[in-house]
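Colleague: Take a look at the following structure, please.
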Amino acid sequence: MYYSINNLIEEANRARQKVAHLMGETKLERKFYVLNSKVASLYCLPKIHKNPVAMRPICSNICTPTEKMAAWLVDEMKRYPVIHGKSVNNSVDSVEKLKGLVLRRGEILVSFDVTSLFPNVPVTDALCSLRRHLERYRVPPNHVEAYLAVAEVCMNQNFFTFRGKFYKQTFGLSMGDKLSPLLANVFMSDFEVDLEKERLFPRVWWRYVDDIFATVKERQLAQTLELLNSKHTSIKFTVEKESEGKLPFLDLTITRKEDNSVKFSVYRKPTSTNRYITCDSNHYGSQKQAEFHSMAHRLYSIPMEKEDFKAERKKIHEAAYLNGYDEEFVNKILRKHERKRHRRNATTFFPKLTNTIQNDLKQHGFWTAYKSNHTLKDLLCSLKDKIPRDEMSGIYEIPCKSCPAIYIGQTRRKFKVRLKEHKNAVDNDRPNESSVAVHSKENNHVIDWDNEKLKKCVSKPSHLNAWESMFIETAEKPLMNEDDAPITSALFQSTKQKII
């Protein structure tokens, strides 16, 4: 069946109208609207720790017709967390659930892994699991239908572009869609509930997305793997056994002790190089410290034996030295996390320490964030297909070929659509439709259509007036515009700068 972006937009519009009706909130229609919708674009990330090296395909769903609906549903589902099944949130949660584990006679440590989980989860089964999950919470029927309507339209719009061609994913959940992790987790939780009824289901079983830690009788391992792979035609498991009493799980190394209890230490992949943001980088200090704070948090959150603790602390110091930091830099971070652990163990009160400026801004509804554009990825290449600027919305400029005058305008639609309207107004002598046409007719000037440009991409309609006013007030050339800037501000008038 032939599909175009207009078909996808129409489907999304029907879904948002249905959801707004079922939820009894008409404002949802406007909330779900996406300006200048486009088809998802595919890019791939290399999995260099695999042998042979594989690629992970990801669909960028930014500005797709269903992007805001998916984000809304994910936010709504926070009210109904998945409590059935046996999942963990992170490595610290894993430690909490495993720290009292004692292996029985004949048991070994194993990890099961679902091969390519997202692309192999059937959409129909995932939606059924979502329905059962909502019914467990006794969600009102009209809300259930609204949630499922959103999930269904988001999952069915699995089209994407790659190198200028259109494709459709014919099975499974799309990696990159905001709903995919939620649906995969709900599906796997139902999968585990069914498995628990089986006699061979492992005594210990904890899952993080598609990675599972378990203990099984060594003589029953082959049968257990066969059982797991027989439950669903598309869900296939692989297994890894402990080696020399050790097994990696998430960023932990779980080791069998002589008394059959387990201990924990930090695991690093063989591809780890300990290379992070270097000391001489121009990044913010908080960005340079982030990775070392992460390692220090892990060091003091995971209960380790004295030798393992010292070894991990030494590795943190080695990583700091490798990236150009002095010993005091890392010691200061380690002392901070050591004090945190002491407070955590000594009291139930957890003070929240924040920067003074950040605290003041938060009181007025502002959150600070730091971002650097000087990354290796930005310098080397872009993994996604670039969107042509004439396909975007924002602030544009049209110059005159006969004089220095320019026209500055805004458009919520694609730039090429608005530009075509200006051309038609000039060519067909319709000055009431365009100030560019007025300038051309009154002065008998020729418009320079070859040098028009989109000066600033703006995706949010509420920002257009401010950006247009900024460009109009700071323009250094005479303007064709007949109307004043939408917003008058002394800030615009006193600031003469070029906005890129």
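Colleague: Set the Förster distance to 22 Å, then compute FRET efficiency between residue 275 and residue 309 from the Cβ-Cβ distance, nearest 0.05.
Modeller: Details: r = 24 Å, r/R0 = 1.08.
The formula returns an efficiency of 0.40 here.
Colleague: Report, in cubic angstrom per residue, the convex hull volume of the C-alpha atoms of segment 400-500.
Modeller: On the way: hull volume 10.5 nm³, N = 101.
Each residue corresponds to 104 Å³ of Cα convex hull volume.
Colleague: As I understand it, the value is the acute angle between the Cα axis of helix 464-473 and the longest principal axis of the Cα atoms of the chain; what does it come to in degrees, rounded to 10?
Modeller: 50
Colleague: Mind jotting down the three principal axis lengths of segment 123-177 based on Cα atoms? Whole angstrom, largest first.
Modeller: 46, 17, 15
Colleague: Give the long-range amide H neighbours of residue 479: residues separated by 5 or more places, or on another chain, with amide H under 5 Å away, using H modelled in the peptide plane at 1.01 Å from N.
Modeller: 406
Colleague: From the C-alpha coordinates alone, can you work out the Kirkwood hydrodynamic radius of segment 1-152, in Å?
Modeller: Working: mean 1/r = 0.0525 Å⁻¹.
Computed over segment 1-152, the radius equals 19.0 Å.
Colleague: So what is the calculated 222 nm ellipticity per residue for the chain, using -39500 (n - 2.57) for each DSSP H run with n of 4 or more, over all residues, to the nearest 500 deg cm²/dmol?
Modeller: Values: 18 runs with 206 residues, N = 500.
Using -39500 (n - 2.57) per qualifying helix, the result is -12500 deg cm²/dmol.
Colleague: What ratio of Cα Rg to 2.2 N^0.38 Å holds for segment 192-234?
Modeller: Computed over Cα atoms of segment 192-234, the ratio equals 1.11.
Colleague: Here's a follow-up. Ignoring ligands, DNA and RNA, what percent of the accessible area of the chain is carbon or sulfur (1.4 Å)? Could the numbers behind the result be given before it?
Modeller: On the way: 14830 of 29520 Å².
It is 50 percent, rounded to a whole number.
Colleague: Rounded to two decimals, what is the ratio between the C-alpha radius of gyration of segment 82-181 and 2.2 N^0.38 Å?
Modeller: Working: Rg = 18.5 Å, N = 100, 2.2 N^0.38 = 12.7 Å.
Ratio of Cα Rg to 2.2 N^0.38 Å: 1.46.
Colleague: I need the peptides 206-214, 85-93, 289-297, 276-284 ranked by packing, meaning the mean over residues of other C-beta atoms within 10 angstrom, with the highest value on top.
Modeller: Numbers: 206-214: 19.8, 85-93: 16.0, 289-297: 18.1, 276-284: 13.2.
Highest-to-lowest ranking by the protection proxy: 206-214, 289-297, 85-93, 276-284.
Colleague: Here is a follow-up. From the phi angles alone, apply the Karplus equation (6.51, -1.76, 1.60; θ = phi - 60°) to segment 37-42 and give each ³J(HN,Hα) in whole Hz, x where the residue is Gly or Pro.
Modeller: 4, 9, 7, 4, 10, 9
Colleague: For the chain, with every protein chain kept in place, what is the accessible area per residue (1.4 Å probe, Å²)?
Modeller: Ligands and nucleic acids excluded, the figure is 59 Å² per residue.
Colleague: Work out the length of the dipole vector of the chain about its Cα centre, built from +1 on the beta-carbon of each Lys and Arg and -1 on the beta-carbon of each Asp and Glu, and round it to the nearest 20 debye.
Modeller: It comes to approximately 1220 debye.
Colleague: Amide H neighbours of residue 208 under 5 Å, counting only residues 5+ apart in sequence or on other chains, H built in-plane at 1.01 Å?
Modeller: Residues meeting the amide H criterion: 88, 213.
Colleague: Next question, about the same structure. Could you go through segment 192-199 in sequence order and give the Karplus-derived ³J(HN,Hα) for each residue, using 6.51 cos²θ - 1.76 cosθ + 1.60 with θ = phi - 60°, rounded to whole Hz, and x for Gly and Pro?
Modeller: Karplus values, whole Hz, x for Gly and Pro: 5, 4, 5, 5, 4, 6, 7, 5.
Colleague: Where does the Debye-calculated log10 I(q)/I(0) of segment 235-343 sit at q = 0.12, 0.19 Å⁻¹, using only Cα point scatterers of equal weight, no solvent?
Modeller: Once normalised to I(0) and log-transformed, intensities are -0.50, -1.03.
Colleague: What nm distance separates the two modelled labels at residue 465 and residue 261, each placed 7 Å from Cα along Cα→Cβ?
Modeller: With each label placed 7 Å out from Cα toward Cβ, I get 6.7 nm.
Colleague: Obtain the nm distance between the two label points defined at residue 162 and residue 231 by a simple spin-label model: each point lies 7 Å from its Cα along the Cα-to-C-beta direction.
Modeller: So the label points at residue 162 and residue 231 sit 3.0 nm apart.
Colleague: Got a number for the accessible area of residue 271? Probe 1.4 Å, square angstrom, nearest 10.
Modeller: 60
Colleague: Let me ask something else. Between residue 219 and residue 89, what length comes free when the chain is fully extended (0.36 nm per residue of separation minus the Cα-Cα distance, one decimal in nm)?
Modeller: Details: separation 130, 0.36 × 130 = 46.80 nm, distance 3.05 nm.
The residue 219-residue 89 span can extend by a further 43.8 nm.
Colleague: Give me the Debye-computed log₁₀ of I(q)/I(0) at q = 0.06, 0.07, 0.11, 0.12 Å⁻¹ for the chain, equal point scatterers on Cα only, no solvent, two decimals.
Modeller: -0.42, -0.57, -1.21, -1.34
Colleague: Looking at this model, which pairs from 401/477; 97/332; 263/336 are more than 19 angstrom apart at the alpha-carbon? Before the final figure, lay out the partial values.
Modeller: Values: 401/477 13 Å; 97/332 31 Å; 263/336 25 Å.
Beyond 19 Å: 97/332; 263/336.
Colleague: If Lys and Arg each add +1 and Asp and Glu each add -1, what is the summed charge of the other residues whose beta carbon sits under 15 Å from the beta carbon of residue 144? Could the numbers behind the result be given before it?
Modeller: Details: positive: 18, 79, 131, 132, 136, 138; negative: 76, 135, 145, 152.
Neighbour charge sum, excluding residue 144 itself: +2.
Colleague: What whole-number value in cubic angstrom gives the convex hull volume per residue for the C-alpha atoms of segment 141-266?
Modeller: Working: hull volume 22.6 nm³, N = 126.
Convex hull of Cα atoms, per residue: 180 Å³.
Colleague: Could I ask something else about it? Kirkwood hydrodynamic radius of segment 33-79 from all distinct Cα pairs, in Å? Could the numbers behind the result be given before it?
Modeller: Details: mean 1/r = 0.0783 Å⁻¹.
One over the average 1/r among Cα pairs gives 12.8 Å for segment 33-79.
Colleague: From the protein chains alone at 1.4 Å, what is the descending order of accessible area for 115, 170, largest first? Display every interim value, and only then the final one.
Modeller: Numbers: 115 60, 170 125 Å².
If we order 115, 170 from most to least accessible, we get 170, 115.
The values are calculated or read from the model by the stated rules, or taken from the named source; none is laboratory data. Predicted, not measured: the structure shown is a model, and the values here were computed from it. Because the Cβ atoms are built from the backbone with ideal geometry, glycine has one as well, and the counts that use them run over all protein chains shown. These accessible areas exclude ligands, DNA and RNA; they are computed on the full protein's heavy atoms, side chains included. Shrake-Rupley method; radii C 1.70, N 1.55, O 1.52, S 1.80 Å.
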